[in-house]
Amino acid sequence: MNATEQLKMFAYYLDLALRSLRRNRALTMLMVLAIALGIGASMTTLTVLHVLSGDPLPGKSAQLYYPQVDPQDIKGMYPSKEPPDQLTLIDGLNLLHAARADHQALMTGGSVPLQPEQSSLDPFYVEARYTTADFFSMFDAPFLYGHGWTEADGEAKAREVVIAKSLNDKLFAGANSVGRTLRMAGTSFRVVGVLDSWQPNPHFYDLNTGSYAYGEQVFLPLQTMLELRLDRGGSTDCWGNGGGGVGSILPSDDCVWLQFWVQLDSPAKAAAYKEFLAHYSQDQKALGRFQRAPNVRLRSVMQWLDYQMVVPDDVRLQNGLAFGFLLVCLVNTVGLMLAKFMRRAAELGVRRALGASRRALFAQLLIESGVVGLVGGIGGLLLAMFGLWLVRQRPSDYAALAHLDLSMLFTTFVLAVCATLLAGLLPAWRACQIAPALQLKSN
Amino acid sequence: MTMHPILAALRKHKAGVVLISLQIALTLAIVCNAVFIIGQRVERVNRPTGLDENDLFLVTQQWVGAPSGDDPAGVEKLDVMQREDLAALRNLPDVASVAPSNSVPLLNSSWTGSLSLKPGAQLGSKGGTRTAYYFTDEQALTTLGLHLVTGRAFNAGDVQHQGARDQRDRPVVIVTKALADKLFPQGNAVGKVIYSDGSTAPSTIIGVVERLQIPSTGSWGNAFTWYSTLVPTRLDSSYARYVVRAKPGRRDAAMRAVPAALYAVNPMRVLDDDESVKSFADIRASAYRADVGMAILMGVVCLILLCVTAAGIVGLTSFWVGQRHRQIGVRRALGARKVDILHYFQIENLLIAGAGVVLGVLLAVGLNTWLMTHYEMTRIPLPYVMTGVLAMLVLGQLAVFVPARRASNVPPVTATRAV
């Protein structure tokens, strides 16, 4: 057969399939609906899972690492194999000043009261990130105006601030505000940069803020925060006699409360850095600060997110449930299709007797299931869009992120058609086993 | 009627029978576990906190430009400011009582520590018990609506104050009944001495309250959900929380009056409308919204799943009825009554569904075991499985009824006609 003939046969089978589907409307509707529901439910939850387990900084995240050391005392409250999730101020500053990585930034979060110059606005809180200078270049934060502060400015405890686009829009109507003054917590800060819209999801560099849809509005030098005792938030874990900081009071030396990120451009550098962390721990133990044997970790962004289990258990459960549901819908479709094809044994027998090969019959039946899959896929897509709309109405922090992207759209159709073709395989094969003569005789 | 003809007929439709049994089995396995999860969530959401939650709300506020709590003078100044706020709130016409507190149940902001029967015990050592502290004052019990089982409530003389970071002795505490029973299994906890957070200074238990949940609803708090300790101490920092009980039915009016009253005391503070004054009902709703959402979602999926399975049974049985039109006619012509034909299909469905639920029970237990290793899940209780089995059998009978009725209406004369 040449290509034109094949195309003709395909068109003919398609016509046969449509006729057959029209003959049993209720049954066809049932199959399409079952496929659509299964696909709709599983694509909704799969999209949510896909969004939540995504890479926050594609292309960059593989070079970013999160060093952990273990400064806890020997009788720690919860002895565990893993070192704490954060660093103490001393270790943070030591590692920062050692500057063994290509870039490094020490940071923590909090919120500061902002007193706008406009009398029409009451004072309000803004979410703040206190960090050292490399933050912006390391995380590829895009600047709309100006730039970040320099390392020297940071060490000099400069009263400088980088603000987010949303805050710039609110306070300065979106104009270039570099050089303007911002009053926060009773201190005047000079705006040095305005970030363009930027919100990595998950909020990987500090998961204590909630993992998703969280963005700081002001970025201040960490050293300035330490001097001014600006309010900090997030998690503080202490041991021994360590006391947790509340409000403007800093936690004691026996508490971990800072995040430290490094950029290491090659695997060799990462291995060397891990070595350095072990040496550092050894040195600290020799000095008497550390009591435990060196216990260090160096996780990349994706490893860190995995370790922290940022994707909520409920979302994974929902996804499992939806795929279980899809499986039942498929078994349902296989059963119905089998019944339908077997019922047409007579018709198929006539076709066989008239010279149609088994292959041709098989192709015809598969095209029929393919049509069901395609229509079911379109229905499933509509249902998935509706499902995602429902997810967006829910008040969880990741709700706003639940959107279908192009790759998921494609996956939906592939899944729907493949699933129904698979469901059509067994019934089509069984139907093709019919001996032509037998069918003609029995009727 | 003997089973033999039914079994013989089923053998002719092996693939169809296997598929419908498999579908029933999968549906049973999924629905059982989903309903079990729903049940757990509903139970979690409905557990009482121990508070009288009506008319209760929480005020969270922060002073701007307040003194630092690092030095004694600053702490004293902050305490004066806090007492001024408390006095102003207590004077409001719609307010019944007010107590400062670092947190409330379900708020997910907690100060936890460990209690021990021995002085200077290392944190986390044996015999120690984890607890969550509520730092509050003498109006705590009335404001929170806690039920005192034995002992006495705090009085004004018990109340101290401290900077939020300072360590201070806690001469008297009130604990929950669950915590008292854990520390003193023989009872009579009142008057006994315990040591908090590895301290060498004793704390005397002066009272026991019936029930008080800790602030955390996360899984890390599951081990000590009911182990709360009340400490009669005001914490002083630039930040303060006040629990307010409004007069019955006056909660909304009281909530509206709060910002103006606090601004009148001291305008240098941040109070934003949505978050700073929050009713306990809202705190409860936001603590459990994920659980409620999950329960609803699982419920909807189960319902659709049951519908799909029922529709599948209807569809397949309809086909079989159509296929056996002539045989049914023959049986009718040979003297079978309508009800015999009806029963034939009903029994056939019972056999298929029966095989399905046997496999389904195994799958349900298997799925539950898998979930137990991957998620926080307990063994599924037998009643859930048995109810599921019964539900699937009933569902099968309901679904088969319409096609079976149609089969029973096939007239005997069909036997004489060609298809």
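Only the coordinates and a few stated rules stand behind these numbers; no lab work does. Nothing here was measured: the structure is a model prediction, and the numbers come from that model. Note: ideal-geometry Cβ built from the backbone for every residue, glycine included; neighbour counts use all protein chains shown.
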Within 10 Å of each Cβ in A:318-326, the average number of Cβ atoms from other chains: 5
Degrees between helix B:72-90 axis and first principal axis of chain B (Cα, 0 to 90, nearest 10): 60 degrees
Residue (of A:Ile35, A:Val51, A:Ala268) at the positive-pole extreme of chain A, dipole from beta-carbon charges: A:Ile35
Residue-averaged beta-carbon neighbours from other chains (10 angstrom radius) around B:334-345: 0
Check: the range A:61-307 dipole with +1 on Lys, Arg Cβ and -1 on Asp, Glu Cβ, in debye: 160 debye
Amide H partners (placed H, <5 Å) of B:Thr136, local residues excluded: B:Val231, B:Thr233
Descending semi-axes in whole angstrom, ellipsoid equivalent of the range B:167-286, from the Cα gyration tensor: 33, 18, 14
Karplus-derived HN-Hα couplings along the range A:344-358 (A = 6.51, B = -1.76, C = 1.60, θ = phi - 60°), whole Hz, x at Gly and Pro: 8, 3, 4, 4, 5, x, 4, 4, 4, 5, 7, x, 5, 7, 4
Helix B:382-408 axis, angle to chain B major axis (alpha carbon atoms, nearest 10°): 30 degrees
Zero-based 20 Å bins, Cα pair distances in chain A, whole percents: 21, 37, 23, 16, 3
Kirkwood hydrodynamic radius over Cα pairs of the range B:52-145, then Stokes diffusion coefficient at 10 °C and 1.306 mPa s, in µm²/s: 99 µm²/s
The range A:61-307 - Rg over Rh from alpha carbon coordinates, Kirkwood radius: 0.98
Extreme residue, positive dipole direction of the range A:125-224, given options A:Val126, A:Tyr214, A:Phe143 (C-beta unit charges): A:Val126
Per-residue [θ]222 nm for the protein assembly as shown (sum of -39500 (n - 2.57) over DSSP H runs n ≥ 4, rounded to 500): -16500 deg cm²/dmol
Positive minus negative residues near B:Arg83 (Lys, Arg vs Asp, Glu; Cβ under 13 Å): -4
Whole-number percent relative contact order across the range B:65-267, with pairs defined as alpha carbons under 8 Å at least 6 apart: 33 percent
In sequence order, calculated HN-Hα J values of the range A:134-151 (Karplus, 6.51, -1.76, 1.60; Hz; x Gly/Pro): 5, 3, 5, 6, 5, 9, 6, 6, x, 9, 7, 9, x, 7, x, 7, 8, 4
Helix axis angle, B:14-46 relative to chain B longest principal axis, alpha carbon, degrees: 20 degrees
Computed magnitude of the charge dipole of the protein assembly as shown (debye, nearest 20; Cβ of K, R +1, Cβ of D, E -1): 5900 debye
Normalised contact order of chain B, rounded percent, pairs of Cα under 8 Å and 6 or more residues apart: 27 percent
When chain B is reduced to its Cα atoms, the Kirkwood hydrodynamic radius in Å: 26.3 Å
At 1.306 mPa s and 10 °C, Stokes D of the range A:342-443 from Kirkwood alpha-carbon radius, µm² per second: 98 µm²/s
Where trypsin sites (Lys or Arg not before Pro) fall in DSSP loop in the range B:19-128, at most 16 other Cβ within 10 Å: B:Lys126
The protein assembly as shown - Rg over Rh from alpha carbon coordinates, Kirkwood radius: 1.08
Listed residue (A:Thr412, A:Ala356, A:Gly424) projecting farthest to the positive dipole end of the protein assembly as shown, Cβ model: A:Ala356
For the range B:65-267: span of alpha carbons on each principal axis (Å, largest first): 50, 41, 35
Residues listed by number, the range A:384-425, amide nitrogen under 15 Å from A:Gln199 label point at 7 Å toward C-beta: A:392-403
Charge dipole (debye, nearest 20) of chain B; +1 at Cβ of Lys and Arg, -1 at Cβ of Asp and Glu: 2920 debye
Distance histogram for the range B:237-319 (every C-alpha pair counted, 5 angstrom bins, percent rounded to whole numbers): 3, 10, 14, 14, 10, 8, 7, 6, 6, 5, 5, 4, 4, 2, 1, 1
Principal axes of the range B:254-299: Cα extent on each, largest first, Å: 50, 19, 10
